[in-house]
Amino acid sequence: MLNLVATLMALIVLGGPFGEATASGSPDGDRLQVEFEVAVAGAPAAVVVHAVDPGQTQETLSLVDRGGGIWGGIADFEAMNLVAVFEVVYPDGEGDVSQPTTLLELGLDPALIGMGDVVVQPDDGDRPLSATTRRWGWGAAALTAIALALVAVWAMGERVRGKHAAPRRAIRRGATTVPDETQST
């Protein structure tokens, strides 16, 4: 009963044509049986979920229309917090994908993947940056400033050199003078 309440409280809205999405699971030997459910607006031809182990593999599960705009399916995975991306395809061939989310954010019980009691909070973008990220950010900003300065020198170079470039042009052209036809000899 407690798992059912936790699952219902962990509904996540994915945005776009996707409504609420959930993931629940049960152990299956050394693997994990996960049931996905997502609400989809419109009349899609197909809905799939891509379960991704970052840096490893991706498994795609085709979901079944359960009626009322709800699509779902069950699959077996290794017991880990996979990243899930839902994809919808409409009859005209157009489609859309959801934002990536994790099984824990979709409501999977953390104990099923060996994490015990874990409080999962979605990233709202307000987390401070690490020192390494800030260092790389400042480095990127410095390189951008240098690149812009070099582009400015390149673009303005002809104007800056223009004051001193005339004699060199005359020398390159052979510095021959053409007699003026208006003058009489």
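Data overview
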| read-out | value |
| --- | --- |
| Check on Ala111, of a type outside the set (S, T, N, Q), within 18 Å of Asp28 (Cβ to Cβ) and without any contact (Cβ under 8 Å) to a residue 12 or more places away in the chain | yes |
| Residue satisfying condition, being more than 24 Å from the chain's Cα centre (by Cα), closer than 23 Å to Gly95 by Cα and not aromatic (Phe, Trp, Tyr), within set Gly25, Gly69 | Gly69 |
| Enumeration of residues in the range 81-93 that are touching a strand residue (DSSP E or B) at 6+ places or on another chain (Cβ under 9 Å) and surrounded by fewer than 17 Cβ atoms within 10 Å (Cβ to Cβ) | Val83, Val89, Tyr90 |
| Where a residue in the range 78-89 is modelled with pLDDT of 90 or more and its partner, wherever it lies, is surrounded by fewer than 23 Cβ atoms within 10 Å (Cβ to Cβ) and charged (D, E, K, R), with Cβ under 6 Å and at least six apart | Val88/Asp96 |
| Total residues in the range 51-70, condition touching a Pro at 6+ places or on another chain (Cβ under 9 Å) and closer than 18 Å to Gln99 by Cα | 1 |
| Verdict on Arg159 being surrounded by fewer than 10 Cβ atoms within 10 Å (Cβ to Cβ), outside the structural domain of Val52 (by TED's automatic domain parsing) and at pLDDT 60 or above | yes |
| Identity of the residue in the range 42-66, of a type in the set (A, V, I, L, M, F, W, C) and within 18 Å of Leu112 (Cα to Cα), that ends up nearest to the chain's Cα centre (by Cα) | Val52 |
| Residue within the range 58-74 that is at pLDDT 85 or above and among the basic types (Lys, Arg) present | yes |
| Boolean, Gly95 is modelled with pLDDT of 85 or more, under 11 Å from Phe36 (Cα atoms) and either among the small types (Gly, Ala, Ser) or touching a helix residue (DSSP H, G or I) at 6+ places or on another chain (Cβ under 7 Å) (or both) | no |
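The values are calculated or read from the model by the stated rules, or taken from the named source; none is laboratory data. Small disclaimer: the values here were computed from a predicted structure and weren't measured. Note that we place each Cβ from the backbone using ideal geometry, even for glycine, and neighbour counts take in every protein chain shown.
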